[in-house]
Amino acid sequence: MNNDHKIRQKILKLRKELSMYNYQYYILNQSKISDEEFDKKLKELYLLERDYPELFDTKSPTLTVGHQLSSYISTFHHKYRMYSLKKTYSKKEFLIWIQRIKKIIFYSCSLVCELKYDGVSINLIYKNGLLSHALTRGDGKQGENVIANVRTIKSIPLKLKGGNHPKYLEIRGEIFFEKKIFSEINANRIKHGLRPYYNQRNTASGTLQMKDTKVVASRHLSCIPYSVIGQNLPFNTQYKSFKYLKLWGFNVPKIIFCCNTNTIEEILHFIDYWNNKHHILPYYTDGIVIKINEYKNQYIIGSTNKYPKWAIAYKFNPNKLSETNLLNITFQVGRTGIITPIANVYPVKISGTIIKKVGLYNYRFIQNMKIHNGDSLLLEKGGGIIPKLKNININKRLIKTNPICFPKNCPSCQSLLIKKKDLYYCTNRINCPSKKQREIQHFVSEHGMNIKGIGKSMIKKLYKKGLLCEITDLYKLNEKKIIQINGVNQISAHKIINNINQSIYYSSLKRVLYSLGIPHVGEYISEKLTEHFSDINAIINANYNHLISITGIGDKIANSILNYFSIHKNKFLVKKIMEKGLYISSNNIKTTYLPLNGKSFVFTGKLSKMTRNQAKNVVEHLGGKVFNTINNKVNFLVIGKNFGQKVAKSIKKKNIEIINEDYFEKLIENKKKEQ
Ligand code: AMP
Ligand code: ZN
């Protein structure tokens, strides 16, 4: 084979591979290789194409951004193209870029450094100040209109504030999940036996494509704008654009740094600082974007077919993999009987936390990974939260070892397991000890009945002593019984009983429904049910047609609810809970008088007499609302010990009354009397 032929083959191979990764990334929302590897391959292709121009092809991945669009969604042409960014991982390359800029613009010009937010780019089109389209980047020339979903994002104004904006305006920004929100979504999925989402960006992108805007709204996406495009803009630099974006109602980024081409050390310092510290930010970032500040200079420097030449993205060092040894694998039995394999590993520190356990999802994952006893595992902390097994260091595999086998019987009750799709389930419906304990754990959990002092290990101990075998046994507990548990004294036993009784007082129909652990009925569906039914009996007696007439409830959920209440044992449980005097009718029924209707609260600091959740529950019970942050609708800020910055924020708002915990308690007592 001659050399030319080899090069041609190499180019074709790289184009094919890169197109495939592009397809997986942009259409299937999966990333099979790291960004760094992708860029390495792209660069290799770019250099080959540069040296062999005769092999040039306009469809090469070096010239196209993303993948062509999926055909079934409505697409629109971008009036102004949406570009990618040129990327670098080295300071040397960055300095070469600066030198090139200096050669084009003879004088010193200013630069703006911003964070590179790791999310999905969006083109927000405002006509006469009103949001008219929200287009994804697509292939850079045309994108999909996802306006219905974008309208649910609180930080994107539907109408621009202030009058100082051109008639036609495009605002480009990044849509993403804040770290906290993403981990909440995943924690919720894990709780329901679902596999956590792997990648925040892909989840954000998938969420933007969803059909049900209510689900999108419930996921709380965020947006940060990073550029404004239009004619007759009232500013002429990138830096000043942020002042206007703020006036128009956007959440502008706080971390922006302006300097000039003569003070490059400051940029290098900025890069180093955020390279080390970006994990402290509330959102994911994967680099720094350095842009020429003046629009005039941007215009002079121009763009290639793929990216603007006046900007460059300096990417952070990618996550290094951490290597550790597999000690053994345990198989956990979930509330619904799902068996989840967990790798117990030799403790290893990854981005500041010690990792001892790594979830291995399901049977298929173990099979695909071909894990053997004693293997050396390569772990990564995905999105900085959940440790994941990325690979196995085969070179270190023991000579005499066996692949890990999935058990045939339930590790807790020895019943046979059955396989549905990729998941194995314990077939023992009635008395699998692990399942039982998990059910109780779910019932007492914070978002359920919120019974403090009865956690996983306490449930296990009580179960072993035969004192807590069913949820209903919770209400048969007394101090005498609890004191039998090792390490529990009179005071803590008293506290636990108190917590059980209090949880009844502070509960609601929504919480009870959620606590029951009906498959597919999480907090959202529980809330939907309370909006449509006056009390639990109405739900027990509801028919299929009534259930599926509720938004968010389809065939699967309706059948799950019907199935749950068709079992005598479950109805008996509800009866027992009701006998305990649990407040179990919906608090959304319009006919009952709700003394806190229209009143909103925010809490800051630690309350001494109740948890935040309990306080929230009481407020909601009386018809009020609780927000997490100060906004214009808030009427009361309740301050506890070590309160935070919310106080300072609320002082600026005239309509907020700042009250302490005692006053809050009095207010609640009075309102209860009114009810
Ligand atoms: P890439 O998607 O890797 O080609 O990188 C380009 C993308 O980075 C743009 O389309 C934007 O969505 C995104 N991006 C994130 N932060 C910024 C920023 N501060 N300025 C410009 N683009 C940004
Ligand atoms: Zn079992």
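Values in this text are rule-based calculations from the coordinates and carry no lab data. Since the structure is predicted, the reported quantities are computational estimates derived from the model, not experimental observations. With ideal geometry, Cβ positions are generated from the backbone for all residues, glycine too; neighbour counts draw on all protein chains shown.
Site pair Ile264 and Lys141 shows an inter-label distance of 3.7 nm when each label is modelled 7 Å from Cα along Cα→Cβ. Taking every DSSP bridge with both residues inside the chain, close to 85 percent are antiparallel. Extent of the chain along its three principal axes (Cα atoms, max minus min coordinate, largest first): 84, 73, 49 Å. Taken as Cα centroids, the stretch 638-657 and the stretch 412-483 sit 41 Å apart, rounded to the nearest whole angstrom. Between the beta carbons of Gln367 and Ala217, assuming R0 = 45 Å, the FRET efficiency works out to 0.75 to the nearest 0.05.
When the Cα positions of Gln502, Tyr46, Leu18 are compared along the charge dipole of the chain, Gln502 comes out farthest toward the positive end, with charges on each C-beta of Lys, Arg, Asp and Glu.
For the chain, a crude dipole built from +1 on the beta carbon of Lys and Arg and -1 on the beta carbon of Asp and Glu, taken about the Cα centre, is about 740 debye to the nearest 20. Each label was represented as a point 7 Å from its Cα along the Cα-to-Cβ direction; for Ser566 and Ile300 these points are 7.7 nm apart.
Relative to the longest principal axis of the Cα atoms of the chain, the long axis of helix 91-104 makes an angle of roughly 50 degrees. Among beta bridges identified by DSSP and lying wholly in the stretch 593-674, the antiparallel ones come to about 10 percent. Per residue, the chain reaches -11000 deg cm²/dmol at 222 nm when only DSSP H runs of four or more residues are counted, each adding -39500 (n - 2.57). In plain terms, the residue of Phe176, Phe106, Phe331, Phe235 with the fewest other Cβ atoms within 10 Å comes first and the most crowded comes last, giving Phe106, Phe235, Phe331, Phe176.
Among residues other than His447 with Cβ under 12 Å from its Cβ, the summed charge is 0 (Lys and Arg +1, Asp and Glu -1).
In a reduced charge model with +1 at each Lys and Arg Cβ and -1 at each Asp and Glu Cβ, the stretch 419-530 shows a dipole moment near 420 debye about its Cα centre.
When you restrict to C-alpha pairs under 8 Å that are six or more residues apart and normalise by the size of the stretch 593-674, the relative contact order lands at 35 percent.
Comparing Tyr514, Ile7, Phe627 along the charge dipole axis of the chain, the residue lying farthest to the positive side is Tyr514, per the Cβ-charge model.
Highest-first packing order for the peptide set 121-131, 506-516, 621-631 is 506-516, 121-131, 621-631, based on the mean count of other beta carbon atoms within 10 Å. Protection proxy ranking, highest mean first, for peptides 594-601, 399-406: 594-601, 399-406, where packing is the per-residue count of other beta-carbon atoms within 10 Å, averaged. Between the alpha-carbon centers of the stretch 236-309 and the stretch 312-346, tell me the distance in whole angstrom. The stretch 236-309 and the stretch 312-346 have Cα centres spaced 35 Å from each other.
Expressed to the nearest 5 percent, the antiparallel share of DSSP beta bridges inside the stretch 75-315 is 95 percent.
Taking every C-alpha pair closer than 8 Å and separated by at least 6 residues, the mean separation divided by the residue count of the chain gives a relative contact order of 8 percent.
Applying a 4.7 Å cutoff between beta carbons, the unpaired cysteines of the chain are Cys109, Cys113, Cys223, Cys258, Cys259, Cys405, Cys469. Each label point was placed 7 Å from the Cα along the Cα-to-Cβ direction; for Asn188 and Thr401 their separation is 3.9 nm.
Taken about its Cα centre, the stretch 322-426 carries a charge dipole of about 140 debye when Lys and Arg each add +1 at the Cβ and Asp and Glu each add -1 at the Cβ. For the stretch 593-674, the share of alpha carbon pairs falling in successive 5 Å distance bins from zero is 3, 16, 29, 27, 17, 6, 1 percent.
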